[in-house]
Amino acid sequence: GPARAELGLDHPRAGDLVLLAPRDAWFAYDYWTDGDRAPDFAPTVDIHRKPGYDPRELFARPGATIRGATRVLQKKLGMRYLMDIIPLDTALVKGSHGLHAEAPEDGPVWICSEPGVAVTAMTAVKDAVLNLLAR
C-alpha cells in the first residue's frame, strides 16, 4: 500500500510483513533464553545455519585470542573443534543496517570517473552500471 511505497518497498517480491528496527536496535534471532542452551553454531561464524544476519560476528568474545589459538592447535592435531569466538551478548550491537539515511549526506555515495553519470537513487545504480558497460 501507500506506506510501503513511501519506504520504497512497494514491489511484487516484497514480503507481506515488513519489520524495521529503530536505528539504535536490531532484531536478534536468539530463540533461546539461557546462553548455556544456545545451539553450537551461535558463537561461531556460520552463515548457513543461522536464521539471518548476525552482526555479533563482527565482534570477538573476551579471551578470543587464546581461545582461537587453542582451536587452531586442535585443528593442527586433527581434532574436531568449533571456532567459538563470537560473543552472545546482544548489547554489543548498537544499531541496525539497511535503513534509509535520515539525511542525504549520510546516505550511500556514487562515485564515477565518467562525466555526466549521476545516480540520485540507489535503485538507479543497476541501470547506470549497465549503461556504462554498454559504452
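Values quoted throughout were computed directly from the atomic coordinates according to the rules given, and no laboratory measurement underlies them. Quantities reported herein were computed from a predicted structural model and do not represent experimental measurements. Positions of Cβ are backbone-derived with ideal geometry, glycine not excepted, and every protein chain shown enters the neighbour counts.
Could you calculate the contour length gain from W32 to L20, that is, 0.36 nm times the residue separation minus the distance between their Cα atoms, to one decimal place in nm? Before the final figure, lay out the partial values.
Numbers: separation 12, 0.36 × 12 = 4.32 nm, distance 2.21 nm.
Gain on stretching W32 to L20: 2.1 nm.
Do you know the relative contact order of the chain, to the nearest whole percent, from alpha carbon pairs under 8 angstrom that are 6+ apart?
Normalised by residue count, the contact order of the chain is 25 percent.
Which of the listed residues, W26, H97, M79, is farthest toward the dipole's positive end in segment 1-99, when Lys, Arg count +1 and Asp, Glu count -1 at the beta-carbon?
M79
Tell me which trypsin sites (Lys or Arg not before Pro) from segment 1-59 have a DSSP coil assignment and no more than 10 other beta carbons within 10 Å of their own.
Those that pass, being in a loop and sparsely packed, are R13, R49.
Give me the Å³ per residue figure for the convex hull around the C-alpha atoms of the chain.
For the chain, the hull spanned by Cα atoms encloses 221 Å³ per residue.
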